[in-house]
Amino acid sequence: MERLNLKHKLGDKWISTLASIWIQCTSGSLYTFSIYSPILKSTQRYDQSTLDTVSVFKDIGANCGVLSGLLYTFATPSNRRNAYFGGPCLVLAAGAIQCFLGYFLIWASVVGLIPRPPVVGMCFFVLLAAHAQTFFNTANVVTAVRNFPDYSGTAVGIMKGFVGLSGAILIQFYETIFHNKPTSYLLILALLPTINPLLLMWFVRIYNTKEQEEKKLLNAISCVALLLAAYLMAVIIVDHLFTFQLLVRIATFVVLLLLLSSPLCIVPSLRAREKDSSVIHQSLISEGQRFDQEMEVHDTRDSLEEDNLNLLQAMGSVYFWILFFAMACGMGSGLATVNNLGQIGESLGYSNFETNTLVSLWSIWNFLGRFGAGYVSDHFLYVKGWARPLFMVLTLSSMSIGHAVIASGLPGALYAGSILVGVCYGSQWSLMPTIASEIFGVKHMGTIFNAITIASPVGSYIFSVRVVGFIYDKEAWGSGCSGTHCFMLSFLIMASATLLGSLAALALFFHTKNFYNQVILRRLLHSLRE
């Protein structure tokens, strides 16, 4: 009877994970701003500068999620026996309400249902719509970490990866059903990302259960995510080479829906094939024997729990500000790159087809970084005992190389550099929340990692406006700028900044190395023995 109960709870945890994934698949609407920005510009009679100002508020709303973290902490019961209800559901509902209000008001302004609002009003509408994503993200990411504490990197990577893919998924939805109808697409953005969480939020819950099958479950989901990313990349490339007819678009979209629903077949398979051990399980046993020889391992959970710091306590730690600085360098320069890919391609003589393909594929590189960094850092933490901040060092230094490659202006440099920058940019979005949860604890994780995320728009403003924009305007002659010199200095500056960020992450690695060895790994080993 106890064994059946454990399987039932595992199924519940699986349902929660799958519901979170599907919510994430419609949560990245802000990545599709370029689809409706032209109609927004024309109907509201904005110039380019005003449209860019509206876009800035989109970035601010999407990266200032402290309120969602506070709501999650307040609404989630501290008593684990009652953790099936509360936090995640309430946070998702709050996000759905904001999403509907924001996009509905934008749509109403565009079609003339309400009088044309002042610019500050439109900025508020866009900020409200984008701010909803922080609520979806917080509910799903923090719940995944609580449900899979032993594989938090992989869990965060999956959740962040699917929200990275959501832009490409929504674009496929738009091009299949509402091609060349951006006004209708705005109304759909008010409905689809609202109704989807409201239907699924009842299944997103915290479960204090553990099974060896968890790793198989996450590996299976990871395979589906990789297959989905490969399929989307193939569709994007082929669609740019040969424009799809309507029937072909419908067929490709049906295949996309089948891939998204395919995880439903995984649970019966897991329940049918139950094994007693796995490779990582054996690796952990070996690590446990080594740790038992080196230090005394207590058999009580209290000795293995890390301190759960609140936001103010975390902000009093140097670790918080190291993470903030590293993220400002990495996320800020990454956003500056993607925001200027079109202009960079134009200045280097790329065709519109080539630059559009680069922009479309950015979501794929972003996904690979988000998913890969979480999975790989989990693997090496378990098998080699490598502290997770080491991977932040590696990805930021690699991003520095990517910026330098773009600055070179060599043939194909923009392709190679954008891939490297995109993957490393995505990596920060899975590494930072996981590291924050391990250093500061999971109780206030939503508030803390969302506070660190504010570094993204701060860095984006510095690099986009004060570096790229300023230098481009100085180099431009007349209406535009052509040649390598337009962006070379900007990307060399960003390469230096991300290298400096990697050095900050290196300091974090050395300062937390003993903590990871003595606390994190021992907590994982203790969990395995239970």
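The values are calculated or read from the model by the stated rules, or taken from the named source; none is laboratory data. All of these numbers come straight from a predicted model, not from anything done at the bench. Counting neighbours? That spans all protein chains shown, and the Cβs are built from the backbone with ideal geometry, glycine included. What goes into the accessible areas is simple: the full protein's heavy atoms, side chains included, and nothing from ligands, DNA or RNA. Shrake-Rupley method; radii C 1.70, N 1.55, O 1.52, S 1.80 Å.
Checking each residue in the stretch 225-255 for being touching a residue at least 40 places away in the same chain (Cβ under 8 Å) and closer than 30 Å to R146 by Cβ picks out A225, L226, L228, A229, L232. Taking G167, is it assigned to a helix (DSSP H, G or I), assigned by the TED database to the domain that holds P88, closer than 30 Å to V383 by Cα and within 16 Å of the chain's Cα centre (by Cα)? Judged against the criteria, G167 is not a match. Restricting attention to the stretch 1-27, the residues that are of a type in the set (S, T, N, Q), at pLDDT 50 or above and farther than 16 Å from T194 by Cβ total 3.
Among residues of the stretch 378-392 that are outside any helix (DSSP H, G or I), those with a Cβ under 6 angstrom from a residue that is charged (D, E, K, R), sequence gap 6+ or separate chain, pair up as A387/K513.
The condition of being at pLDDT below 85 and in a helix (DSSP H, G or I) holds for only one of S398, S502, S464, that being S464. I'd like to check something: does the stretch 408-427 contain any residue that is open to solvent by 40 Å² or more (accessible area, probe 1.4 Å), in contact with an Asp or Glu (Cβ under 8 Å, 6 or more places away or on another chain) and over 21 Å from N366 (Cβ atoms)? Looking for residues that are open to solvent by 40 Å² or more (accessible area, probe 1.4 Å), in contact with an Asp or Glu (Cβ under 8 Å, 6 or more places away or on another chain) and over 21 Å from N366 (Cβ atoms), one finds none in the stretch 408-427, hence no. When the stretch 46-65 is limited to residues that are open to solvent by less than 30 Å² (accessible area, probe 1.4 Å), under 15 Å from S460 (Cα atoms) and of a type in the set (A, V, I, L, M, F, W, C), the one that is modelled with the highest pLDDT turns out to be A62.
If you go through the stretch 376-407 and keep only what is under 11 Å from T498 (Cβ atoms), polar (S, T, N, Q) and open to solvent by less than 10 Å² (accessible area, probe 1.4 Å), you end up with nothing. In the set G426, G469, only one residue is small (G, A, S), in a helix (DSSP H, G or I) and within 24 Å of the chain's Cα centre (by Cα); that residue is G426. Just one of the numbered conditions (1) more than 16 Å from the chain's Cα centre (by Cα); (2) over 15 Å from S317 (Cα atoms) is not true of T434: (1).
Considered as a group, the residues in the stretch 170-227 that are outside any helix (DSSP H, G or I) and open to solvent by less than 60 Å² (accessible area, probe 1.4 Å) include one that is nearest to A132 (Cα to Cα), and that residue is V204.
Can you find a residue that is open to solvent by 10 Å² or more (accessible area, probe 1.4 Å), without any contact (Cβ under 8 Å) to a residue 24 or more places away in the chain and outside any helix (DSSP H, G or I) anywhere in the stretch 92-108? No: zero hits. Entry remark, the stretch 322-342: residues being assigned to a helix (DSSP H, G or I), closer than 22 Å to I401 by Cβ and at pLDDT below 90 number 6 in total.
T447 meets the conditions (1) modelled with pLDDT of 90 or more; (2) open to solvent by less than 10 Å² (accessible area, probe 1.4 Å); (3) under 14 Å from I493 (Cα atoms) in every case but one. The failed one is (3). If you go through the stretch 31-45 and keep only what is among the hydroxyl-bearing types (S, T, Y) and either over 23 Å from I364 (Cα atoms) or open to solvent by less than 60 Å² (accessible area, probe 1.4 Å) (or both), you end up with T32, Y36, S37, S42, T43.
Cβ-Cβ contacts under 7 Å between residues 6 or more apart (or on different chains), taken from a first residue in the stretch 181-201 that is within 22 Å of L92 (Cβ to Cβ) and aliphatic (A, V, I, L, M) to a second residue that is open to solvent by less than 40 Å² (accessible area, probe 1.4 Å) and not in a helix (DSSP H, G or I), are listed as I188/F178; L192/T26. Taken over the stretch 428-444, residues that are under 22 Å from G161 (Cβ atoms), open to solvent by 10 Å² or more (accessible area, probe 1.4 Å) and either β-branched (V, I, T) or not assigned by the TED database to the domain that holds F509 (or both) amount to 1. Taking the stretch 232-243 as the range and being open to solvent by 50 Å² or more (accessible area, probe 1.4 Å) and touching a Leu at 6+ places or on another chain (Cβ under 9 Å) as the test, the residues that pass are M233, I237.
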